[in-house]
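What follows is a short report on a single structure.
The values are calculated or read from the model by the stated rules, or taken from the named source; none is laboratory data. What you are looking at is a predicted structure, and each value in this text was computed from that prediction instead of being measured. Neighbour counts are summed over all protein chains in view; Cβ atoms, including those assigned to glycine, are modelled from backbone coordinates with ideal geometry.
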Amino acid sequence: MDLPLPTTTSLFRPPSTSYFPPSSSTFGFPLSYSRNGFRCSATTFTSPQQMNETVLENKKYDLLKAVQDTQRGLVTTPNQRSEIEEALVDLESYGVGNEAIDLGKLDGTWRLQYTSASDVLILLDSSSRLPFFQVGQIFQKFECKGKDDGGYIRNVVRWSIPRLFEENEGATLLVSAKFSIVSQRNIYLQFEEIALQNIIISEELQALIAPALLPRSFLSLQILQAIRTFKAQIPVTSTSPGRQSVGGLYYLSYLDRNMLVGRAVGGGGVFVFTRAQAVV
């Protein structure tokens with residue numbers, strides 16, 4: 001019979017460890033001699049590197065715990081904001097702030113867990129107030145694998161209109177930008193395009209356009225196909241001479257294999273992301 005496998009949660013705190021000094025044996029087994037011969041005893045040894053990794057994981061846990069009940073930053077009290085900022089600074093200052101950006105680690109998809117950026121909070125607030133507008137998951141997707149000076153970043157917002165589109169993920173708003181490294185931890189974003197795509201209509205609307213009990217006409221099939229493949233693109237790159245395109249400076253204050261923290265320079269807000277599966 002199959003036994004159930006243990007599961008983990010996203011807010012797993014690594015167990016605390018105790019430090020034991022190195023033993024006299026090369027392999028960590030101290031030897032002593034007695035009248036009856038050699039006696040061997042095992043000692044648990046935790047290296048300084050393992051201790052540092054445990055402390056770091058605890059700091060990441062504390063940050064995720066501080067933001068978990070904030071609805072991605074929409075609902076926060078002054079005490080919560082103070083606690084979050086303290087956890088952020090504590091993590092950012094943990095010996096990684098002076099390292100250069102590792103584009104290999106940065107490449108991939110990141111899911112938003114918390115932000116204080118007003119432009120994102122407006123979307124979240126509208127979703128909470130308006131019955132006809134929903135905001136689902138929000139991602140940042142970096143495309144910079146094999147690069148050494150920059151790449152592309154795509155801000156992905158899943159949203160929906162109830163009863164017309166599929167719940168929470170009925171459509172995708174995509175804001176694309178090119179980024180370049182300007183210092184060890186700073187990248188400059190130059191926005192290029194805003195697109196609306198990946199529309200998935202609700203089953204109710206599909207049934208209205210092409211009823212399941214009736215033969216689907218060529219026109220109804222064409223309408224469904226046009227909705228599925230619809231994509232509206234708005235370029236935001238300036239074509240006027242002497243006029244700069246929309247852009248901004250983004251400070252990557254913390255980065256590892258499963259967490260990304262960024263700050264929009266100039267008071268644009270802070271962003272906390274965790275690694276996610278790839279999205280379009």
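Data table
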quantity: Residue list for the stretch 185-223, filter: at pLDDT below 80, in contact with a helix residue (DSSP H, G or I) (Cβ under 6 Å, 6 or more places away or on another chain) and either under 21 Å from Ile234 (Cα atoms) or of a type outside the set (Val, Ile, Thr) (or both); calculated: Ala210, Ser220
quantity: Within the stretch 116-138, tally of residues that are surrounded by 15 or more Cβ atoms within 10 Å (Cβ to Cβ) and either in contact with a Leu (Cβ under 7 Å, 6 or more places away or on another chain) or not in a strand (DSSP E or B) (or both); calculated: 10
quantity: Residue satisfying all of: in the stretch 144-164; free of Cβ contacts under 8 Å to residues at least 40 places away in the same chain and among the hydrophobic types (A, V, I, L, M, F, W, C); farthest from Gln197 (Cα to Cα) among these; calculated: Ile153
quantity: Residues being part of a loop (DSSP other than H, G, I, E, B) and touching a helix residue (DSSP H, G or I) at 6+ places or on another chain (Cβ under 6 Å) - total across the stretch 139-162; calculated: 2
quantity: Checklist (1) over 22 Å from Ile138 (Cβ atoms); (2) assigned to a loop (DSSP other than H, G, I, E, B) applied to Ala226, failing item; calculated: (2)
quantity: Criterion (free of Cβ contacts under 8 Å to residues at least 12 places away in the same chain and outside any loop (DSSP other than H, G, I, E, B)) met by exactly one of Val75, Val89; calculated: Val89
quantity: Sole exception among (1) under 26 Å from Gly104 (Cα atoms); (2) hydrophobic (A, V, I, L, M, F, W, C); (3) touching a Ser or Thr at 6+ places or on another chain (Cβ under 7 Å) for Phe165, by number; calculated: (1)
quantity: Meets criteria (modelled with pLDDT of 90 or more and either touching a Leu at 6+ places or on another chain (Cβ under 8 Å) or crowded, with 16+ Cβ neighbours inside 10 Å (or both)) for Tyr94; calculated: no
quantity: Filter pass, Gly170 being of a type in the set (Gly, Ala, Ser) and surrounded by fewer than 19 Cβ atoms within 10 Å (Cβ to Cβ); calculated: no
quantity: Among (1) part of a loop (DSSP other than H, G, I, E, B); (2) of a type in the set (Lys, Arg); (3) within 22 Å of Gly268 (Cβ to Cβ), the one test that Lys178 misses; calculated: (1)
